[in-house]
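A quick write-up on the structure given underneath.
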Amino acid sequence: MDLGEQELRKQVVRPTLKVMGVWSDALETLLIETALVETYLTKQRGDNESQSKIRSEGIFGISPITHRLVWDKYIAQKPDLASNVRGLASQRAFLIRPHAELRTNLAYASAIAAVIYLKTEKPLPATNDLKTHAQFWRRHYHSCPKGTLIDFYNAVLESDQDNISLSTPSLAACAGKPTSRTRQTAIHSSNLENVA
C-alpha cells in the first residue's frame, strides 16, 4: 500500500494533532519529515532487527523503551492528553500488544511522535527552516542510535514524498529523487559537520 505525503499529512497527522489539541503547521511538518527520515534510517539498516540493538516500530521509528517512557514520564502526568492519546489506540489490541500500535495504527503513532517533541517543552522550529528541523530532530527525537543531520537532509531532500510506501512495518525508503519542495537547497556534508 502506498500513502502519499499529502495523504499522510491531511488524513492522518493533521487530524490526529487536532484531536490532541496541539496542531500547528510547524509540528505537522516536523512529523512528516520525521516519518521520512526514520524510514530512511530503517532502509539504511536494512530493516533487520538483528543489526540494531534497539528495535524501532513503525513509520516514526519509536522504540518500545521510548514508547513506555513517554507514557510513564509525560502522558500519564497529563490526564486530558492521556485520554486523547489513549482514545486513538485500538481498544483491544493496545492492551495485548501496545507497541504493535506504533506499526499498525498511524494516528496513534503520530500522537506518540508528537508527544516526543512536545515533552521537551521547547519552541518548535519555524515551518520552513529545514536546518533547524534537522537539529531539533537530532537533539530531541533521534539521539540514539545515532541519526545524523546528513541522514535528515538525505531523507527529506532526496525523497519522492508522493510515494511513501507502507508495504512493510516501517515505511520503505523513498525513491531518492529530488523533491519539488521550494525549500530544497544544495546541502554539503562539510556544512553540517559542526551543526549538532
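Quick look at the values:
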quantity: Any hit, the stretch 97-112, residues being loosely packed, with under 14 Cβ neighbours inside 10 Å and not acidic (Asp, Glu); calculated: yes
quantity: Which listed residue, of ALA82, ALA126, is in contact with a helix residue (DSSP H, G or I) (Cβ under 7 Å, 6 or more places away or on another chain), surrounded by 13 or more Cβ atoms within 10 Å (Cβ to Cβ), more than 16 Å from ALA35 (Cβ to Cβ) and among the aliphatic types (A, V, I, L, M); calculated: ALA82
quantity: Conditions (1) out of contact with any Ser or Thr (no Cβ under 6 Å at 6 or more places or on another chain); (2) at pLDDT below 95: number failed by ALA114; calculated: (2)
quantity: Looking only at the stretch 28-61, and only at residues there that are part of a loop (DSSP other than H, G, I, E, B) and of a type in the set (Gly, Ala, Ser), the one that is modelled with the lowest pLDDT; calculated: SER52
quantity: Cβ pairs under 6 Å, 6+ apart, first in the stretch 79-94 and closer than 17 Å to ILE116 by Cα, second among the aromatic types (Phe, Trp, Tyr) and buried (at least 17 other Cβ atoms within 10 Å of the Cβ); calculated: LEU88/TYR108; ALA89/TYR108
quantity: Tally, over the stretch 1-27, of residues that are assigned to a helix (DSSP H, G or I) and of a type in the set (A, V, I, L, M, F, W, C); calculated: 8
quantity: Scope the stretch 60-78; condition closer than 26 Å to LEU8 by Cα and touching a residue at least 24 places away in the same chain (Cβ under 8 Å); matching residues; calculated: PHE60, GLY61, ILE62, PRO64, THR66, HIS67, VAL70, TYR74, ILE75
quantity: Unique residue being of a type outside the set (A, V, I, L, M) and on the phi > 0 side of the Ramachandran plot when the list is GLY61, GLY87; calculated: GLY61
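The values are calculated or read from the model by the stated rules, or taken from the named source; none is laboratory data. On a predicted model such as this, the values are computed, not experimentally measured, just so you know. Cβ atoms come from the backbone with ideal geometry, glycine included; neighbour counts cover every protein chain shown.
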